[in-house]
1. Given (1) within 14 Å of chain A (Cβ to nearest Cβ); (2) of a type outside the set (Phe, Trp, Tyr); (3) closer than 25 Å to residue A:47 by Cα, where does residue B:124 come up short, assuming only one miss?
2. Looking at the range B:23-37 only, could you name the residues that are assigned to a helix (DSSP H, G or I) and free of Cβ contacts under 8 Å to residues at least 60 places away in the same chain?
3. Anything in the range A:16-36 that is open to solvent by less than 60 Å² (accessible area, probe 1.4 Å) and not in a helix (DSSP H, G or I)? List them, or say none.
4. May I ask you to list the residues in the range B:172-211 that are of a type outside the set (A, V, I, L, M, F, W, C) and either touching a His at 6+ places or on another chain (Cβ under 8 Å) or in a helix (DSSP H, G or I) (or both)?
5. List the residue pairs whose Cβ atoms are under 7 Å apart, where the first residue sits in the range B:47-66 and is within 10 Å of residue B:29 (Cα to Cα), the second is open to solvent by 40 Å² or more (accessible area, probe 1.4 Å) and aliphatic (A, V, I, L, M), and the two are 6 or more positions apart or on different chains.
6. Would you confirm, using the coordinates I've provided, whether residue B:115 is modelled with pLDDT under 95, under 19 Å from residue B:162 (Cβ atoms) and of a type in the set (Ser, Thr, Tyr)?
7. Could you check the range B:135-184 and list, in sequence order, the residues that are away from chain A (no Cβ under 14 Å), of a type in the set (A, V, I, L, M, F, W, C) and in contact (Cβ under 8 Å) with a residue 40 or more places away in the chain?
8. When the range B:91-117 is examined, which residues are found to be of a type in the set (Ser, Thr, Tyr), more than 9 Å from chain A (Cβ to nearest Cβ) and over 13 Å from the mean Cα position of the chain (by Cα)?
Amino acid sequence: MRWPSAQAIAALSPLPAGYRYAQFGRADIAPLMSSVKEWHPGIAVGVNSCYLREDCRRRFKSEPPRRSNFEPGVEADFEIVSCG
Amino acid sequence: MQWPTASELGALIKLPEGYRFEFLRRADVRALAAALGRWHPDIAIGGAICYLRETFYADQVYFEGGQDRDVMVVVFVQGQDLVGMWSLEKEPDSLTLYARLIVIDPMHRSAKLASNVMPIAESMGRAMGAGLIFGAATLKIPHMQRALETVGWQFVGFSSGYDQEMVSPGVVKRVFEAVYCKVLVPEEDLVQPDPKNLTPRARALWEAICGDTAPAVGHRP
């Protein structure tokens, strides 16, 4: 099971004009953590709090049935925010 | 959220005469993986297949005294023989325990080893600070559903196509599984959803499954 590339995702689900998908890189970790905390303060508690830690490592192969990683408050003026 | 020590676990688990449990040792990994293939051949398909791979144990399983990891494996032993295993996974961020797998050698299933450890999972979860323990039961046979219901776990729904099973020789399909849980915190620590935030379908299902949450609230002072 391999994740699709950013280009493949873009082909599957084009974004509105002015937005693009980008491959997440290590240099993005700190800015993302800071942004996620600001966008969705509730993430500080619970299973997704790991996204506020640099050592965040999510399981996928053994992931039990649970909600999607998409979080509330993510859609405003087409500003889609999700790190899951 | 720390796994208990073997002695702490020993204080919780009382097995039938002649049986004991141990944390899995690295030296027993190969023997356990081989035994699982014999005890439960269906494991070769689906989410638990990782228990047949030695690398899974090396990379993800906690061994007593070693580095803390999220997956724990306890083995049941009679004499010098492995006769079963039990595996849990902890999710420290959500303070939950996932009951991943329990397999008993068919020759020892009459000893009811699995029934003995189900209630212990709750005690262990509470001792570790977990607020919930959950797991999935196959719909291929009713035994695990009955076992979980007997110890008071709440049936909370079906996972549609979550895992794969060999439904007939050579035919693998995705299957439904029954999802069960046991809440380990007092009722006052459990937030009930506001009905206005539930769609009609979600509200109907909530009423059917969780209308009476008492069975799910297993707090014992």
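1. Going through the list (1) within 14 Å of chain A (Cβ to nearest Cβ); (2) of a type outside the set (Phe, Trp, Tyr); (3) closer than 25 Å to residue A:47 by Cα, residue B:124 breaks only (1).
2. Kept after step one, since they are assigned to a helix (DSSP H, G or I), are these residues of the range B:23-37: B:26-37.
Scanning the range B:23-37 gives B:26, B:27, B:28, B:29, B:30, B:31, B:32, B:33, B:34, B:37.
3. Going through the range A:16-36, the residues open to solvent by less than 60 Å² (accessible area, probe 1.4 Å) turn out to be A:16, A:25, A:29-30, A:32-33, A:35-36.
The answer is A:16, A:25.
4. Applying the first criterion (of a type outside the set (A, V, I, L, M, F, W, C)) to the range B:172-211 yields B:173-174, B:177, B:180, B:182, B:186-189, B:192-197, B:199-201, B:203, B:207, B:211.
Within the range B:172-211, B:186, B:187, B:188, B:189, B:195, B:196, B:197, B:200, B:201, B:203, B:207 qualify.
5. B:52/B:44
6. Numbers: modelled with pLDDT under 95: yes; under 19 Å from residue B:162 (Cβ atoms): no; of a type in the set (Ser, Thr, Tyr): yes.
Spelling it out, it is not the case that residue B:115 is modelled with pLDDT under 95, under 19 Å from residue B:162 (Cβ atoms) and of a type in the set (Ser, Thr, Tyr).
7. Across the range B:135-184, the qualifying residues are B:166, B:172, B:183, B:184.
8. Kept after step one, since they are of a type in the set (Ser, Thr, Tyr), are these residues of the range B:91-117: B:94, B:96, B:98, B:110, B:115.
From what is left, the residues that are more than 9 Å from chain A (Cβ to nearest Cβ) are B:110, B:115.
Within the range B:91-117, just B:110 meets the criteria.
The values are calculated or read from the model by the stated rules, or taken from the named source; none is laboratory data. Treat the numbers as computed from the prediction; the structure is a model and nothing was measured. Virtual Cβ from ideal backbone geometry, glycine too; neighbours counted across all protein chains shown. SASA here: full protein model, heavy atoms, side chains in, ligands and nucleic acids out. Shrake-Rupley method; radii C 1.70, N 1.55, O 1.52, S 1.80 Å.
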